[in-house]
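Before any comments, here is the structure.
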Amino acid sequence: MNEEEGTLLYWACSVDAVTLEVQRLIELLISSHKESLDEEQPVIYENDREQQLAELGQWLRKQIEQTVQQEPIPDRFSLDGELNTEKIPFLLQCETPDAHRIRSKELNKLLESYFGEEIILIPVGAQEWVFLGDEQIVTGEAEEDTTEARKDLLNAFCQGLYELVASEWAGVFHLSASLPCTPAKQLSPVTALLQESVHLGRAFHVAQHIHLPWDLQLERLVDSIPVQQRLRFIQETGKGTVLFSDSETLATLETFFNLDCNVSETAKRLFIHRNTLVYRLDKIKQEIGYDVRNFESAVLVRLLLLMYKVTKKL
């Protein structure tokens, strides 16, 4: 198309002359051009609430980018006072194929079917949302009124929620959540915390997709250590860190640490005999000089393993 003259140019060729590779290239060019045209179209919102949520997401994104995360939400985004009551915030990040990108309306419908009530869904990125659910729906059934009991229930709730989303769409999904907060005052810093938790979870635990802030405190500390300091620590304490590249050793250590260094429970979780696990731990001791059944050695190896995970990618 010649925009100035208003003429349309086209060409044709024999079907036999078009190879499969050329056909795919043409389809890709058409798809890319269509996406660029779609992006140029103005966004049309179905109602004032949808527009308000979209603008709130833009405000949140700017707050986080500018690290100005303590400001309360402006009154124009109050949603008739809905953000003034305690809610449980969740963050969902999606890596979906272009042909299967998730739309907010579809996601909202799915989430409301899981929560059993209306939720507040805030788009903060192309395939990233913060959504707020009623505290009673998630943690109201806790047998004990303790923080740990609420964390356990929230973890179980996230497991079910993740499985639902993953079964509905193709792609990779990452989910994080926090304990109840008052969104009007705390949504900006809490969103930043959830984004950081997903970042840490993806860096340190690549096989996991649910990343809760209280499970990543040590990872947050390691991530804050300058690269040169990490390399120095690995060089000074990590003799034989090549051992960590062995998947069996890695699985043994991570399971051992996750189960509070309990030999019997670790053997059960790994479906191996207790003596087999003892043999593996002895082998690790011979290779790197640390017996992880000893508290101080376990701390050192845990730190060493975390630093190795993120530093080996540099």
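None of the figures in this text is laboratory data; all of them are computed from the coordinates on show. Remember, predicted model here, so these are calculated numbers, not experimental data. Backbone-built Cβ (ideal geometry, glycine too); neighbour counts: all protein chains shown.
Considering only region 60-68, I want to know if a residue exists there that is in a strand (DSSP E or B), touching a strand residue (DSSP E or B) at 6+ places or on another chain (Cβ under 6 Å), within 30 Å of residue 166 (Cα to Cα) and of a type in the set (A, V, I, L, M). Checked against the condition, which is being in a strand (DSSP E or B), touching a strand residue (DSSP E or B) at 6+ places or on another chain (Cβ under 6 Å), within 30 Å of residue 166 (Cα to Cα) and of a type in the set (A, V, I, L, M), region 60-68 yields no hits at all. Looking across region 252-269 at every residue that is more than 23 Å from residue 216 (Cβ to Cβ) and not basic (Lys, Arg), the one that is surrounded by the most Cβ atoms within 10 Å (Cβ to Cβ) is identified as 267. Among the residues of this structure, residue 305 counts as one that is in contact with a Phe, Trp or Tyr (Cβ under 7 Å, 6 or more places away or on another chain) and either surrounded by 16 or more Cβ atoms within 10 Å (Cβ to Cβ) or in contact (Cβ under 8 Å) with a residue 24 or more places away in the chain (or both).
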